[in-house]
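The values are calculated or read from the model by the stated rules, or taken from the named source; none is laboratory data. As the structure is a prediction and not an experimental result, all values here were calculated from the model. Cβ: placed from backbone, ideal geometry, glycine included. Neighbour counts: every protein chain shown.
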Amino acid sequence: MSMAFDTLQWSKHVCVVGAGASGLVSARELLREGHSVVVLEQNHDLGGQWLYQDACAGAGAATVHSSVYASLRLNAPRASMEFTDFMFTPVEGRDTRDFPGHRELFLYLKDFARCFGLTELIKFNTEVVHVGMAAATGKWNVRSRDRRTDDGEFMEEIFDAVVVATGNFSLPRLPKIRGMEEWKRKQLHCHVYRVPDPFQDEVVVVVGGAISGPEIALELVHVAKEVHISTKHVEIPEKLVKPVAKHAHLHWHQEIELLCEDGTVVFADGSSVVADTILYCTGYSYSFPFLDTKGIIHVDEKRIGPLYEHTFPPSLAPSLSFVGIPNKFVIFRFFESQARWIAQVLSGRRKLPSADEMMKAIEEVEHHQELEEPKNIIQLVAEILEYYDRYGDHCDFPHIEDWRKEIILKYLENCINNFETFRDE
């Protein structure tokens with residue numbers, strides 16, 4: 001029996017939800033494995049997070065999907081953001097920097113979709129409103145609507161499998177701070193931040209010390225009267241030492257302890273400031289409002305589970321899967337390996353462990369994580385890269401080359417030591 005006949009025999013009709021990087025590579029791998037694919041995308045174009053959308057400072061978070069702001073550049077080098085067989089090489093006449101702006105990555109995804117014939121698979125302006133198991137068939141009922149109309153009409157289609165690839169950087173997560181409800185001045189999440197102009201001559205408190213918080217603070221410092229960065233650290237983070245010393249009206253504080261009605265922001269270190277705006281750069285929550293699994297999958301702010309290898313819910317595998325759930329350090333190659341494994345499991349080329357075995361593996365991982373000692377960012381990313389290699393063994397996906405790992409870890413070290421300039425050094 002030929003492989004072509006095997007592939008045809010095991011071909012599935014698969015719905016991919018989302019046409020960002022994870023959705024596009026999922027569609028490509030499913031096609032390669034002989035499946036028929038439909039991609040549903042709520043926006044007018046592909047790209048997911050990398051499809052830049054304007055948003056004013058007062059916009060509701062639900063009105064935009066992308067969290068990309070106008071000046072954003074990649075915080076990882078090109079070498080970490082390309083698929084294995086479609087290089088992210090500089091294109092003459094475009095942004096050729098090693099850490100290009102967001103539009104260059106969007107154009108890369110457009111080129112990728114065009115090269116592999118993916119664009120014609122995508123139904124744009126199509127919002128998925130319900131994904132649920134079709135009664136007694138083991139298949140999935142997907143209900144969607146056209147976002148361009150307001151006629152209340154829904155479209156329904158039955159699929160053998162669904163791949164959820166909607167990303168996890170669209171639902172803002174806000175901290176719980178005493179006095180937050182009574183603080184009447186401007187509060188917003190960086191999800192709707194685009195340009196610094198609305199903050200001209202303001203006193204701004206930026207909450208969050210990961211990447212977006214310090215980056216936006218360093219952009220605001222050129223227009224605002226004062227910028228205060230608040231983080232959970234007891235001492236000033238290493239990457240903020242040089243910027244705070246360089247800019248006279250950039251200040252660092254410990255986390256916020258209290259917000260007062262008169263506009264005062266009180267920090268845990270005892271300092272305070274009267275602010276015009278608080279900008280929360282505090283991350284995002286997982287959210288899949290369309291997904292109905294009858295309680296089998298649990299979703300909270302920081303976790304979705306149970307998922308075997310961050311991909312398959314044991315009792316619903318392989319007909320339901322997720323691509324792009326981990327968010328500590330993301331490279332497109334990991335999306336690609338997830339997509340390849342899913343496609344091969346659906347075709348029968350690969351076999352999953354039993355549901356009980358998968359659950360046991362999940363419990364062992366969670367127990368190990370509870371016992372782990374805290375790690376610095378370089379140690380954490382080094383472990384993640386090793387995990388990506390082990391994950392790829394599920395589907396004979398190539399390991400990340402040593403030189404590529406060295407580039408990634410070197411840029412992280414440079415990012416910590418030279419936060420303002422690491423992209424151009």
Strands (runs of 3 or more DSSP E) lying entirely in the stretch 85-180 (those with 1 or more residues that are out of contact with any Cys (no Cβ under 6 Å at 6 or more places or on another chain) and aromatic (Phe, Trp, Tyr)): 140-146
So which residues in the stretch 324-358 are in a loop (DSSP other than H, G, I, E, B), over 30 Å from residue 76 (Cα atoms) and of a type outside the set (S, T, N, Q)? 348, 349, 350, 351, 352, 353
Restricting to the stretch 111-122, give me the number of residues that are in contact (Cβ under 8 Å) with a residue 60 or more places away in the chain and either farther than 18 Å from residue 21 by Cβ or not assigned by TED's automatic domain parsing to the domain that holds residue 51 (or both). 0
Flagged in the stretch 162-173 as modelled with pLDDT of 95 or more and among the hydrophobic types (A, V, I, L, M, F, W, C), in numbering order, are 162, 163, 164, 165
Complete set of residues in the stretch 17-38 that are of a type outside the set (A, V, I, L, M) and more than 22 Å from the chain's Cα centre (by Cα): 32, 33, 34, 35, 36
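To keep it simple, each residue is scored yes or no on (1) assigned to a loop (DSSP other than H, G, I, E, B); (2) within 27 Å of the chain's Cα centre (by Cα); (3) closer than 30 Å to residue 141 by Cα.
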site: 258; (1), (2), (3): no, no, no
site: 262; (1), (2), (3): yes, no, no
site: 266; (1), (2), (3): no, no, no
site: 301; (1), (2), (3): yes, yes, yes
Has the stretch 49-61 got at least one residue that is among the acidic types (Asp, Glu) and free of Cβ contacts under 8 Å to residues at least 12 places away in the same chain? no
Of the residues in the stretch 184-217, those that are more than 30 Å from residue 329 (Cβ to Cβ), modelled with pLDDT of 95 or more and not in a helix (DSSP H, G or I) number 6
Among the candidates 405, 351, which residue alone is surrounded by 12 or more Cβ atoms within 10 Å (Cβ to Cβ), farther than 24 Å from residue 302 by Cβ and free of Cβ contacts under 8 Å to residues at least 60 places away in the same chain? 405
Read through the list (1) surrounded by 19 or more Cβ atoms within 10 Å (Cβ to Cβ); (2) over 22 Å from residue 266 (Cβ atoms); (3) among the hydrophobic types (A, V, I, L, M, F, W, C); (4) not assigned by TED's automatic domain parsing to the domain that holds residue 11, then give the number of the only condition that residue 163 fails. (4)
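Listed here are the residues, each with its yes/no results for (1) in contact with a helix residue (DSSP H, G or I) (Cβ under 9 Å, 6 or more places away or on another chain); (2) in a helix (DSSP H, G or I).
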| site | (1), (2) |
| --- | --- |
| 360 | no, yes |
| 397 | yes, no |
| 410 | no, yes |
| 423 | yes, yes |
What are the pairs with Cβ atoms under 6 angstrom where one residue, in the stretch 224-253, is farther than 19 Å from residue 273 by Cα and outside the structural domain of residue 377 (by TED's automatic domain parsing) and the other, located anywhere, is crowded, with 19+ Cβ neighbours inside 10 Å and small (Gly, Ala, Ser)? Sequence gap at least six, or different chains. 237/209
Within the stretch 270-290, count every residue that is over 32 Å from the mean Cα position of the chain (by Cα) and either under 23 Å from residue 421 (Cβ atoms) or in a loop (DSSP other than H, G, I, E, B) (or both). 2
Residue check for residue 334: modelled with pLDDT of 95 or more and in contact with a helix residue (DSSP H, G or I) (Cβ under 7 Å, 6 or more places away or on another chain): yes
